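A short write-up of the structure that comes next.
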Amino acid sequence: MNAPTAAGIPGDSSSSSSLSTGETTEVSARAENVSKLFGTFAALRQVSVELLSGRCYVLVGENGAGKSTLLRILAGLLRPSFGTVRVFGGIEPQEARARIGYMSHAPMLYDELTAQENLNYFRNLYPGRQCLTPTEALRQVGLDPKLNRTLGQYSQGMRQRTSLARVLLPVPELLLLDEPFSNMDLESTRQMVELLAGFRHSSRTIVITTHQRELAAPIADWVLTLHAGRVKSFEPGNPTL
Amino acid sequence: MLSALWTHLAKDLRIEWRSKEAINSMLFFALLVVVLFSLSFDPQGAFARQISGGVLTVAIMFAAVSSLNQAWAREIRHQVLDAQRMTPTPGAEMFLAKVIANFLFVTVVQIVLAPVFVIMYNLRILGNGWLLAVVLPLGTWALVANGTFFAALSIRSRNRELLLPLILFPIFIPALLAMVQSATVIITGQGDPTLWIKLLVGYDIIFTTISLLLFEVVLHAE
């Protein structure tokens, strides 16, 4: 997904972003002709994308366009019905779970535990990997690590930040963030965008789905628009951070 | 391997300690079954000893199912299961931790239920009473190992609360039979429960192994 060509490779009937600009940047993930069927409904139709490290990609599109499905396939949580997905130089996403961070609409955390307890739990599930400590992760997302309340007592925005802290724990090389700015106030969003800009500069790949394109604009290297499961357009962004 | 198992187990125990959802619901349900049977049959003497093994087993079974149905609910509620699937630890550890946690919850219920049961049924155990401390855990393990597996299998189904007993009970029948028979033999003091206990041990080993081997597939099923 590193070229400014819009929808589709010439001569190819698939819906796709173009592949080559001659850049030598490492490819973090590549999806080729990926389709996903849920029963008879096609959530994705022959989508091809290539994600380079150190870039931020913003996925936009109306509800049901296939943004979340594409993200879940890249995360290895769904298998494509057709086509292939490879990450980090040719391995399946399922084999590289520890290197991929996935954040969903839902917090993916337990309401009954505090943020520290939640993060400690997940940290222990990455044996042998150099992880951030829960305190470090919480500080990165601007939360007080000493806050001794269960997650059920957090506001939506605080849960969202804790969820991002969980994603950051194993220091993933590919961050897949599904609507990370939902339920967040403008100041929190600005802080999160600055944080993500820092990750981008440290050669990590970021993919963000959002309905609020303007919020992610300061870090968007590329904007991919999906429509009815196909790539509608693929445009360069104008990152300022 | 054990570190992730303890991580999952500690989390499940901590959450249950705070919410007490599983234990409370099981306890009330089991007590209700025991009291209702007691009122219905007014069991005394030899008759009480004859039916008590069956009543106890059925009470535990129904109570456990009400809790097993919720075993994976917390994982599904905020898509925590997806976050767990993204970690590099084997699913078998998560499964085993869940089974151990459920086993402990049911055991707590049994410990509270036992004296009530003895009083309500005027029970005097004529056989080797200590063998109940072998039979009940073995039967409980059979129930929760299968129940936890099938609860995971039916987790994405809209009718999961109906589906779980429909799948679980027929498969649990051999263990149920062994549990009831051995408990009855121990309580009445007539016969030798060894064969039934061996059956329970074999059942536990076979079904726990199969569940452990298949859980990874169930966990990552779409």
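The values are calculated or read from the model by the stated rules, or taken from the named source; none is laboratory data. Note that the structure is a prediction, hence the values are computed from the model and not measured. In this analysis, Cβ positions are derived from the backbone assuming ideal geometry, glycine residues included, and neighbour counts consider all displayed protein chains.
For region A:59-91, the set of residues classified as charged (D, E, K, R), in a loop (DSSP other than H, G, I, E, B) and either within 13 Å of another protein chain (Cβ to nearest Cβ) or within 30 Å of residue B:17 (Cβ to Cβ) (or both) consists of A:79 only. One residue alone among A:138, A:176, A:143 is assigned to a loop (DSSP other than H, G, I, E, B), touching a Ser or Thr at 6+ places or on another chain (Cβ under 9 Å) and among the hydrophobic types (A, V, I, L, M, F, W, C), and that residue is A:143.
I'd like to know if region A:106-117 contains one or more residues that are within 24 Å of residue A:226 (Cα to Cα), among the aliphatic types (A, V, I, L, M) and part of a helix (DSSP H, G or I).
Start the filter on region A:106-117 by keeping residues that are within 24 Å of residue A:226 (Cα to Cα), which leaves A:106.
Add one more test, that the residue is among the aliphatic types (A, V, I, L, M), and what stays is A:106.
Of the ones still in play, those that are also part of a helix (DSSP H, G or I) are none.
Scanning region A:106-117 turns up no residue that is within 24 Å of residue A:226 (Cα to Cα), among the aliphatic types (A, V, I, L, M) and part of a helix (DSSP H, G or I).
Residues of region B:99-127 that are touching a Gly at 6+ places or on another chain (Cβ under 8 Å) and surrounded by fewer than 24 Cβ atoms within 10 Å (Cβ to Cβ): B:122, B:125, B:126, B:127. For residue A:54, indicate whether it is at the interface with chain B (Cβ under 9 Å from one of its Cβ atoms) and either in contact (Cβ under 8 Å) with a residue 60 or more places away in the chain or not in a loop (DSSP other than H, G, I, E, B) (or both). Spelling it out, it is not the case that residue A:54 is at the interface with chain B (Cβ under 9 Å from one of its Cβ atoms) and either in contact (Cβ under 8 Å) with a residue 60 or more places away in the chain or not in a loop (DSSP other than H, G, I, E, B) (or both). The residue that is farthest from residue A:205 (Cα to Cα), counting only those in region A:92-123 that are facing chain B (nearest Cβ under 8 Å) and of a type in the set (Ser, Thr, Tyr), is A:110. Only residues that are within 14 Å of another protein chain (Cβ to nearest Cβ) and in a helix (DSSP H, G or I) were counted in region A:159-173, giving 9. Of the conditions (1) small (Gly, Ala, Ser); (2) within 20 Å of the chain's Cα centre (by Cα); (3) modelled with pLDDT of 90 or more, residue B:114 fails just one. Which one is it? Only one criterion is unmet by residue B:114, namely (3). In region A:166-179, the count of residues that are aliphatic (A, V, I, L, M), touching a strand residue (DSSP E or B) at 6+ places or on another chain (Cβ under 7 Å) and farther than 26 Å from residue B:8 by Cα is zero.
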